[in-house]
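Student: Once you've had a glance at the structure underneath, I'll fire off some questions.
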Amino acid sequence: MSETHEWWQSGIIYQVYPRSFQDTSGDGVGDLRGVIRRLDYLQWLGVDAVWLSPINPSPMADFGYDISDYCAIDPLFGTMEDFDELLSQAHRRGLKVMLDFVPNHTSDQHPWFRESRSSRTNPKRDWYIWRDPAPGGGPPNNWLSNFGGGAWEWDEATDQYYLHAFLKEQPDLNWRNPEVQQAMLDVLRFWLDRGVDGFRIDVIWHIVKDEEFRDNPPNPEYEPGMPPHHQVLATYSTDRPEVHDIIGLMRSVIDDYDERMMVGEIYLPVERLVTYYGAHGTGVHLPFNFQLINLPWKARAIESAIENYEASLPPYGWPNWVLGNHDQPRIASRVGARQARVAAMMLLTLRGTPTMYYGDELGMQNVPIPPNRIHDPSEINNPGLGMGRDPERTPMQWSAEEHAGFSKREPWLPLAKNYREANVAVQRDDPQSMLTLYRRLIDLRRSQPALAIGDYHAIQGEGDILAYLRTDESSHFLVVLNLGSQECEFRSDYPIARGRIAVSTHLDRQGENVTGSVRLRPDEGVVIDRAEV
């Protein structure tokens, strides 16, 4: 791969949700030793970096995103010795390790917050966001929690409200306080010094709030049935200009270490998203691009979004693409099992860094959760609105053994009913499986710089066809994707549809000659190597 590109540009990131990856302790919950056990699989799959969702000590009100100690490991997942071994074993296999960094809020059980709420005169009072009631009584403003209800919680002991953008058990830190800045930057240094290769930074666009605490304006597009917090636009509670100063501080810490990086979780329109690269590359290395999660699965809509995204990137901005994560319904449930194969080809052939979500390489789908097994507070607080995230967090399906080879006992979330057929052990030996398709695409991407770091050129398509070229100085690949359920033919005025098929999503046309046009079956995508004419 080109020496001018960093590992996070040419590589593939794989997200592990540790609770659901592999249990070795027998408690039905995944752990760090389970991740260690499966590193050989990740190396075989061909990914480059493992991103771990939070593993810090936590009361688990929001399953690790309510942290009570930033510089330790929750006993549920193991010990710091386990983590150090994971890091060592991953690096030995050429795998990078990324951690979740949760800077917007802590747990209400964190020692910092316990001090902060102990009295108005405590030195850590200003580490969090405390406000007096509104002049007429009640919360200071109309800000809403993403998990339902208001974003302000009354504290009887000190007669003030504290802010929580999520659960009341997750009080927001005051990033305008220099002491908070220093303490949190020291957290980054702690893990960087241990050898961590990067961070995914949780809700990074949230971390600075309006200094005047103005009311958020009403959302003119809100309709009943939408998540309640969408009633207002988060104009003054998120995406404030000062957030870029804070990100610059984080970036300066990262840049003190060789070959480290950070990814920012940002749900914003593209024109705002790209500002998080920072001026001249002083922001996050990759502001997560979630368009493939949110767009309608239509060729023209996706084609337009890709072109707009590419045109919006600053000269120093490297693109990235995501199909799913722990907060979003699985791609196979959103677009169907057949189109999930097309989506895999798209993810692994577009220009930019792809991030995979564990189990998507098996075609795992959302699992229905019985009412008595629901854990997610987002669903509990907002029943019936479909906000629950448990369905996409179910255990990894390793084998046809009892409990899918994930655990020796009943897992913390239920397994998919089809796990005996849809698992790693079965698909690994199946030449037509989703896992085989992912492996083939990853192998092709790793062996061809044009697909990993090459240029992107849009090709005008029609109907359900999405097409584009990936090129470098020595090779050219044409990607043609049928996002529809009908057979179709791709033709072009230019002699680009010539070469041999390197891989088809159906895994049965490798080496087939293409001379001027290519016919696609329903739900089929092909990568054509134009060098082999």
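Values in this text are rule-based calculations from the coordinates and carry no lab data. What you see is a predicted model; the values in this text were computed from it and never measured. Positions of Cβ are generated from backbone atoms using ideal geometry, with glycine treated the same way; all protein chains shown enter the neighbour counts.
Student: Quick one: length gained pulling Ser475 to Gln231 fully straight, 0.36 nm per residue minus the C-alpha distance?
Tutor: Gain on stretching Ser475 to Gln231: 82.8 nm.
Student: FRET efficiency for Trp7 and Ala134, Cβ-Cβ distance as r, R0 = 45 Å, nearest 0.05?
Tutor: 0.35
Student: Tell me the relative contact order for the chain as a rounded percent, counting alpha carbon contacts under 8 Å between residues six or more apart.
Tutor: For the chain, the relative contact order is 12 percent.
Student: On a 0 to 90 degree scale, rounded to 10, what angle separates helix 80-92 from the longest Cα axis of the chain?
Tutor: 20
Student: Modelling each spin label as a point 7 Å along the Cα-to-Cβ direction, I'd like the Lys408/Trp154 distance in nm, to one decimal.
Tutor: So the two model labels end up 5.1 nm from each other.
Student: What FRET efficiency comes out for Asp455 versus Ser88 if R0 is 30 angstrom and r is the Cβ-Cβ distance? Round to the nearest 0.05.
Tutor: 0.20
Student: State the extension gain, in nm to one decimal, for the chain segment bounded by Ala279 and Leu185, taking 0.36 nm per residue of separation less the distance between their alpha-carbons.
Tutor: Between Ala279 and Leu185, full extension yields 31.8 nm more.
Student: So, one more: For the pair Arg428/Asn177, report the inter-label distance in nm, with labels modelled 7 Å from Cα in the Cβ direction.
Tutor: 5.0
Student: On to the next question. Specify whether the C-alpha gyration tensor of segment 379-465 places it in the rounded, prolate or oblate class, a ≥ b ≥ c being the square roots of the eigenvalues: rounded for a/c under 1.5, otherwise prolate if a/b is larger than b/c and oblate if not.
Tutor: oblate
Student: I would also like to ask the following. Give me the one-decimal nm value for the distance between modelled label points at Leu295 and Asp443, 7 Å along each residue's Cα-to-Cβ direction.
Tutor: Computed distance between label sites Leu295 and Asp443 equals 2.9 nm.
Student: Between segment 159-228 and segment 36-73, what's the alpha-carbon centroid distance in Å?
Tutor: Value for the Cα centre distance between the two parts: 20 Å.
Student: Taking 0.36 nm per residue of separation and subtracting the Cα-Cα distance, what length does fully extending Asp193 through Ser252 add?
Tutor: Contour length minus Cα-Cα distance gives 19.8 nm.
Student: Below 8 Å, C-alpha to C-alpha, sequence gap of six or more: please give me the relative contact order for segment 111-163 in percent.
Tutor: Over segment 111-163, the number comes to 32 percent.
Student: Using Cα atoms only, what is the angle between the long axis of helix 299-312 and the major principal axis of the chain, expressed in degrees (0 to 90) to the nearest 10?
Tutor: The helix 299-312 is inclined about 60 degrees to the chain.
Student: Another question, if that's okay. To check you understand DSSP bridge types, tell me what percent of the beta bridges within the chain (both residues inside) are antiparallel, rounded to 5.
Tutor: Counting DSSP beta bridges with both partners in the chain, the antiparallel share is about 60 percent.
Student: Assign one of three labels to segment 89-214, namely rounded, prolate or oblate, based on the Cα gyration tensor with a ≥ b ≥ c the square roots of its eigenvalues; rounded applies when a/c is under 1.5, prolate when it is not and a/b is larger than b/c, and oblate otherwise.
Tutor: Here segment 89-214 falls in the prolate category.
Student: Something else now. May I ask for the angle, rounded to the nearest 10°, between helix 178-194 and the longest principal axis of the chain, with both axes built from Cα atoms and the value confined to 0 to 90°?
Tutor: 40
Student: Compute the signed sum of charges (Lys and Arg +1, Asp and Glu -1) over the other residues within less than 9 Å, Cβ to Cβ, of Thr471.
Tutor: -1
Student: Taking the Cα centre of each part, how many Å lie between segment 259-279 and segment 381-441?
Tutor: 31
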